[in-house]
Amino acid sequence: MIDKFQSAQVVIEGAGPVGLACGILLLQNNPELKLILIDKNPASDDFLANADTRGIAISEGSKQLLQSMGAWVDYAPAIHQVHVSQKGYFGRTVMDSAEIGQPALGHIVRYRDILLSLREQLRCLESKTTSFIWLRETDTTFTMPNVSPNTCFIHADGGLFHEQSAKDLYKDYGQSALVGWLEVKDVKPNVAWERFTEDGPIAILPHHQGQNTKNFVWCAPKAKIDLLSHLPEQEFLIQLKNAIQLPIGQLLNVHQRKSYPLGLNIKKEIVKGNEVWIGNAAQTLHPVAGQGLNLGLRDAYTLARLLNSIYVKSRVNSIDAVKCTLNEYQKQRSRDRQTTIQVTDLMASVFTSTLLPIVIGRGIALSALQWLPPFKNLLARQMMFGQR
Ligand SMILES: Cc1cc2nc3c(=O)[nH]c(=O)nc-3n(C[C@H](O)[C@H](O)[C@H](O)COP(=O)(O)OP(=O)(O)OC[C@H]3O[C@@H](n4cnc5c(N)ncnc54)[C@H](O)[C@@H]3O)c2cc1C
């Protein structure tokens, strides 16, 4: 095995959605690539039955990317309209897929379903490859062998905010997100609501089980989320109704509540010699704008495209070619990363402020978006496609 590590062209550490996507995009174009993927999960998909069921908003751009990999999840409800408003104050905007000429603004897919379909797709590709090694790190005695300096080492070991050590730019918002799903009645299908409250944003999103179910993401100070996590069901629903105060229909039951601490954790330099950081290993964002995974998938896409341009032509590992490619990667990802990080941080900070000038300012911003369609469309396009 040590020999294999020495001769590997690429090593990916971490088989979350971003690491798996990167592996697929590399092997699709180059089945002979000497690639090692280090996965903490077991070979069997059984563990996914109890894995993370949170609904993730996948942008139209990410859908197209997953489709190109053969890893799109079919039972992913579309979002045709997004209503954004703030509780107790003026200012509201509605984004509509028809207005910007797109079939949908995005889709909702469970985290575990994205993992499952990417793993299935990588398994299909595995049988056509000659030098790919999918290494399961379930053996606790595993220690990482030294990797040759000529090998491109991709850190895709992501993780949730509270699992990570602090990076160059670290901000704890003092908030957690409570996620779960609701049984509902008379709630419009294919519509997403984002409601900014004095505690933080609350999102009500479509759910894969159909019209009578919805995902929710409720962001609030940690202490409040701890309390809400354990409230009896009907009491929880009353609190949720009071918190959003929108005539969206009836909320009947709540299921699978789980909380996640939230913060911003950014690596400024995402390339060092032959090493590169992608996805949550490079940036962990507040979920307010639903951008973390979408940004990570764009990381994977750009990196694989650039690496393929050197490895498809040459079987030889060259440290200069790797370094040069990674520097180009850092350059190409800079604008998209910066914009997405700044927009997300702004939304997470500005929309939780209770200072009157800020409350009025964001009301004006939401109203302006509603009445200035070109700006609204520009924002919707950034959210849907980013900058690739
Ligand atoms: C509440 C919440 C809601 C969210 N909603 C959205 C949304 O709507 N839209 C969106 O785009 N994003 C959303 N996100 C963000 C999204 O979940 C992440 O951006 C995404 O999961 C990052 O993927 P990743 O593969 O980089 O990292 P991860 O998903 O963290 O995967 C990393 C993998 O690496 C493994 N690993 C760790 N260390 C090692 C190691 N040493 N060796 C090998 N393997 C290792 C881990 O076990 C894991 O499997 C949300 C996040 C939260 C918390």
How much length would be gained if the chain were fully extended between residue 168 and residue 87, taking 0.36 nm per residue of separation minus their Cα-Cα distance, in nm to one decimal? 25.7 nm
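For segment 273-323, how big is the tail of P(r) above 18 Å, as a whole percent of Cα pairs?
Roughly 43 percent, rounded to a whole number.
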Specify which residue in the list 51, 81, 103 is farthest towards the positive end of the charge dipole of segment 1-133, using unit charges on the beta carbon of Lys, Arg (+1) and Asp, Glu (-1), about the Cα centre. 81
Taking the Cα atoms of the chain alone, what are Rg (to one decimal) and Dmax (as a whole number) in Å? 21.4, 64
Low-density loop positions, chymotrypsin sites (Phe, Trp or Tyr not before Pro), segment 1-77 - DSSP coil, at most 16 other Cβ in 10 Å: 75
Mind giving me the FRET efficiency for residue 32 and residue 183? R0 is 56 Å, r the Cβ-Cβ distance, nearest 0.05 is fine. 0.65
Dipole magnitude of segment 1-95, debye to nearest 20 (Cβ charges: Lys/Arg +1, Asp/Glu -1, about Cα centre): 480 debye
Treating only the Cβ of Lys, Arg, Asp and Glu as charged (+1, +1, -1, -1), what charge dipole size does the chain show about its Cα centre? Round to the nearest 20 debye. 780 debye
Rg/Rh for segment 257-350 to two decimals, with Rh computed the Kirkwood way over all alpha-carbon pairs. 1.06
Expressed in angstrom, Rg and Dmax over the Cα atoms of segment 1-120 are 18.7, 64
Give the Kirkwood hydrodynamic radius (Å, one decimal) of segment 109-170, defined as one over the mean of 1/r across all pairs of different Cα atoms. 15.3 Å
Hey, quick one: spin label on residue 350, modelled 7 Å out along Cα-Cβ, who in segment 166-181 has an amide N within reach, i.e. under 19 Å? 173
When averaged across all projection directions, what area in nm² does the alpha-carbon convex hull of segment 245-308 cover? 7.3 nm²
Residue separation between residue 235 and residue 74 times 0.36 nm, minus their alpha-carbon distance, gives in nm 54.5 nm
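Values quoted throughout were computed directly from the atomic coordinates according to the rules given, and no laboratory measurement underlies them. Since we're looking at a predicted model, the values are computed, not measured. Backbone-built Cβ (ideal geometry, glycine too); neighbour counts: all protein chains shown.
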